[in-house]
Structures are given as C-alpha cells and as structure tokens.
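See structure below.
The values are calculated or read from the model by the stated rules, or taken from the named source; none is laboratory data. Treat the numbers as computed from the prediction; the structure is a model and nothing was measured. Using ideal geometry, Cβ is built from the backbone for each residue, glycine included, and neighbour counts are taken over all protein chains shown. Just so you know, the surface numbers come from the protein's heavy atoms only, side chains and all, with ligands and any DNA or RNA stripped out. Shrake-Rupley method; radii C 1.70, N 1.55, O 1.52, S 1.80 Å.
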Amino acid sequence: MSTLDTLSEDERFVVRTVRDFVDKEVRPVVRELEHTDTYPEALIEQMKQLGIFGLAVPEEYGGTPVSTPCYVLITEELARGWMSLAGAMGGHTVVAKLLLRFGTQEQKRRYLPRMADGGIRATMALTEPGGGSDLQAMRTVARRDADGYLVNGAKTWITNSRRSQLIALLCKTDPEASPAHQGISILLVEHGPGLTVSRDLPKLGYKGVESCELSFEDHRAPAEALLGGVEGKGFAQMMKGLETGRLQVAARALGVGRAALEDSLAYARERESFGKPIWQHQSIGNYLADMATSLTAARQLTLFAAREADAGRRVDMEAGMAKLFASETAMQIALNAVRVHGGYGYSTEFDVERYFRDAPLMIVGEGTNEIQRNVIASQLVKRGGLDT
Ligand SMILES: Cc1cc2nc3c(=O)[nH]c(=O)nc-3n(C[C@H](O)[C@H](O)[C@H](O)COP(=O)(O)OP(=O)(O)OC[C@H]3O[C@@H](n4cnc5c(N)ncnc54)[C@H](O)[C@@H]3O)c2cc1C
C-alpha cells in the first residue's frame, strides 16, 4: 500500500499534481536558481495557482483546505524538488492556523482571504539575536498606549521577511510578568515606519529564500493587531502553532531525504565498478537499505503525528518526535548520498551537495533537536510514558 492510499481521492489528486509540478517545473531549474541564490518568483506564482498558500485556510475564506497528512505529503513533494519552496510556505501555514484558532472575526476577515491565494504572505518572528531557544528571555517589547502598541526590539533569521506582508510577532506586552510567558503576546504586524529589514543573513543552504534581521524602532501597531484581542496568551498560542511548524519541518526533511535516496538509487544502478553496478557491492547496497528503512520510519512517524493532530489531540511530543527523527534521518541520508556518489557527491553539477547543505536546517529550525528532546522528555514524564 502506498502512503497516498490513506488519503481521499481528492487529496491524492492534489499530491500527484504537486509531484508533477515538481518534476516538470522545479527540477529542471532548481540548480541554477539555487546556485545563484535567486528568489523563485515564477515558481511561487505557480504555487499560488495550485492553491498551496491556501492549504490551511477554510473554503469560506477562499482556501483549499486539506487534512494534515495531506499537507505533510504536499510539503514532502515540494521539498523533494527544493526545500526552499517548502520553506516559503511553512511559516505562512502556521500563521494561517494561528489566525483560525485564535484570531478575532475581524482578524480572520482581514487576512485569511488574501492569504488563501498568496495575495499576501505571512511569516512568524520569534528568534532574537540574543537567542531563539529561550523565548521567554526575549527583549522585543510592545508597550500599550492610547494609540495601540509601540514596538521596539530586534528579531533575526526571519524567513521571507521582505516578501511577507504579515508578520506574526512574538513579543512582550508585559516585560515584568512572572512567570515571563504570561507577559508574552502575538502582534499581527505589517510593514510600515519603524520596521526595517536591516540585514540579509548569508547561509549554508536554504538559498533563494531570504532570512533577515528585523529592527523595530518605535514601530506603531494598532490595538487590533493583538492576536485574539487578549494579552499574555502569545506564548501558549505560538507553542500550539509550532506543533504544525514542527510537522512542516519534519515533512521538509522527508522531502530532502527522499530526493537524496532517489538520486542515490538511480546512480547506484547506473554506475559500475569492478565490473558490476555499485549497488551490488554490499556496502553501497546497505546504504540504500538503511536510507529507505529510516525514511519510511520517519514518514510513518510524521503521518502518525499528523493524524493525531487532526483528531484534535495535543501533539507537541508527537510533532517533536517526528521533527527530531525525520531531520536526523535527512542528515544521515544526505551524508550517505554523498558517499554513494563518490567524488560526484561533492560536485556542484549534481544535486546531492545541495541536500547535504539543506538538511542541517531541519535539525535547527522550529526549535533545535536538543529542545525537541527536552519537550519529549518532559511530556513523557507528564503523561507517565508512551501510550500503548
Ligand atoms: C535558515 C533559518 C531560518 C529560520 N527561520 C526562522 C523564522 O522564520 N522565524 C523565527 O523566529 N526563527 C527562525 N529561525 C531561527 C531558529 O528557529 C533558531 O535558530 C533556533 O530556534 C535556535 O535558536 P538560536 O539560533 O538562537 O540558538 P540558541 O538558542 O542560542 O542555542 C544554541 C545551542 O544551545 C542549545 N540549547 C539552548 N538551550 C538549550 C536547552 N535548554 N537544552 C538543551 N540545549 C539547549 C541549542 O539546541 C543549540 O544547540 C531560522 C533559522 C535559520 C538558520
């Protein structure tokens, strides 16, 4: 049974459509776009047409909603072509889910219809120059006054910042609160005076998509920008949003891992040494076997967490496990793909070196794997072990 068989007929069609898009439109151009670090404008336009920016938006707001397992498999397909494309819609989906779950009617009406067709895109800003893991120590502050909020501070590594018209900003509305998380809120921020994209960060992989520093200097946001209209709930809201974010990162890792496996399989069948295809050398065959086994396990774990999310259950532990295991798997598969390709694995004329540069982002992004282990361990203790 293929993984797709667990989806509805309509959802299978959507995943196959995205797979075709990747094979016909993405794979032929990805190496050039990646090496020149070019924003994939034309591909993003096609993704809009395919409804990819509306996957988490209900039909009443103009979206084309899919189940979380379907969302995972679509993300995997995109990342198989180019991880940056999957990254370009990741934060957008998390913000759409935050709006749906916590937004006021007015906030939903203002943003969701335009987010559904990619007319506006969204990102989330959590990480600061002083740290991304310890979010409660953040320094960005939004002070309430008669005209709304006055925001000061800095964020870093924010994906798509320049091209995102909506930024879900995690900030302190009560810096003196104890415990600190009770003073944290989410503001729905738009570009305007006092908000500067101050720097593009140079990076190892994840090319084509910008990662920037944001500077807030007396940036004005209206009172209506407060997500859900309630202060002090932002930390809990974002932790819920990150359940989706971590599934998305797990799915991106699946895509990179699958691309690396597919390329390795093709190469190992074609390349010969000592008079036979290299896959027939036991060491190379073992690499392929291990890649396929761990990738299958990672996909099943991610789909399990996705199904649990759709059943309405809390999935911080399950999404954390999926993200942890899928990202470490992608790292190992990308490394083994270099081994299988020998010298060509190190060549920029092949895709394998890109997988090797893209895979590490998934062990860091959306909470490092060290943080995932902390989450998993504390949930294990709280729940008294694993459900059996
Ligand atoms: C390309 C890219 C895109 C990104 N996009 C975004 C984005 O769109 N929005 C956004 O908000 N952020 C984004 N990030 C930031 C990312 O989420 C952070 O880098 C990540 O959360 C880690 O934060 P840090 O880099 O400050 O590391 P730190 O928090 O300084 O951690 C450094 C090291 O210490 C470890 N560590 C810290 N605390 C603990 C602990 N309690 N237990 C065990 N180990 C610990 C970490 O695991 C890590 O190994 C992006 C990052 C990259 C590289």
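Number of residues in segment 136-149 that are without any contact (Cβ under 8 Å) to a residue 12 or more places away in the chain and either within 9 Å of the ligand (Cβ to nearest atom) or assigned to a loop (DSSP other than H, G, I, E, B) (or both): the value is 1.
Among residues of segment 348-368 being part of a loop (DSSP other than H, G, I, E, B) and within 14 Å of the ligand (Cβ to nearest atom), the one that is surrounded by the most Cβ atoms within 10 Å (Cβ to Cβ) is E366.
Please indicate, with yes or no, whether at least one residue in segment 112-121 is within 9 Å of the ligand (Cβ to nearest atom), acidic (D, E), open to solvent by 10 Å² or more (accessible area, probe 1.4 Å) and not in a helix (DSSP H, G or I). If you could, list the steps in order and put the result at the bottom.
As a first pass, look at segment 112-121 and keep what is within 9 Å of the ligand (Cβ to nearest atom): none.
No: segment 112-121 contains no residue that is within 9 Å of the ligand (Cβ to nearest atom), acidic (D, E), open to solvent by 10 Å² or more (accessible area, probe 1.4 Å) and not in a helix (DSSP H, G or I).
Can you pull out the residues in segment 304-320 that are assigned to a helix (DSSP H, G or I) and surrounded by fewer than 24 Cβ atoms within 10 Å (Cβ to Cβ)? Passing the criteria: F304, R307, E308, A309, D310, D316, M317. Note on segment 369-388: among residues that are in a helix (DSSP H, G or I) and loosely packed, with under 11 Cβ neighbours inside 10 Å, the one that is farthest from the ligand (Cβ to nearest atom) is K382.
Which count do you get for residues in segment 59-91 that are touching a residue at least 24 places away in the same chain (Cβ under 8 Å), assigned to a helix (DSSP H, G or I) and more than 24 Å from L4 (Cα to Cα)? Break it down stepwise before answering.
The first filter runs over segment 59-91 and keeps only residues touching a residue at least 24 places away in the same chain (Cβ under 8 Å), leaving 61-64, 66-91.
Still in the list and also assigned to a helix (DSSP H, G or I): 61, 68-81, 83-91.
Filter once more, keeping what is more than 24 Å from L4 (Cα to Cα): 61, 91.
Final tally of qualifying residues: 2.
Of the listed requirements (1) free of Cβ contacts under 8 Å to residues at least 40 places away in the same chain; (2) within 15 Å of the ligand (Cβ to nearest atom), S133 misses just one: (1). How many residues does segment 9-46 hold that are farther than 21 Å from D263 by Cβ and of a type in the set (A, V, I, L, M, F, W, C)? The qualifying residues number 4.
Kindly check whether there is at least one residue in segment 29-42 that is of a type in the set (G, A, S), open to solvent by 10 Å² or more (accessible area, probe 1.4 Å), at pLDDT 95 or above and in a loop (DSSP other than H, G, I, E, B). Please lay out each step first, then the result.
Pass one, segment 29-42, residues of a type in the set (G, A, S): 42.
Okay, now just the ones that are also open to solvent by 10 Å² or more (accessible area, probe 1.4 Å), so 42.
Those left that are additionally at pLDDT 95 or above: 42.
Applying the additional criterion that residues be in a loop (DSSP other than H, G, I, E, B) yields none.
Taking every residue of segment 29-42 in turn, none turns out to be of a type in the set (G, A, S), open to solvent by 10 Å² or more (accessible area, probe 1.4 Å), at pLDDT 95 or above and in a loop (DSSP other than H, G, I, E, B).
When the residues of segment 150-196 are narrowed to those that are under 24 Å from G90 (Cα atoms) and away from the ligand (no atom under 16 Å from the Cβ), which ends up least open to solvent (accessible area, probe 1.4 Å)? Out of the qualifying residues, it is G192. Pairing residues of segment 358-382 that are closer than 22 Å to P202 by Cα and acidic (D, E) with residues that are open to solvent by less than 30 Å² (accessible area, probe 1.4 Å) and in a helix (DSSP H, G or I), at Cβ distances under 6 Å and at least 6 apart in sequence or on separate chains, gives D358/M83; D358/V256; E366/G245; E366/R246; E366/V249. Going through (1) open to solvent by less than 10 Å² (accessible area, probe 1.4 Å); (2) within 24 Å of T127 (Cβ to Cβ) one by one, F102 falls short only on (1).
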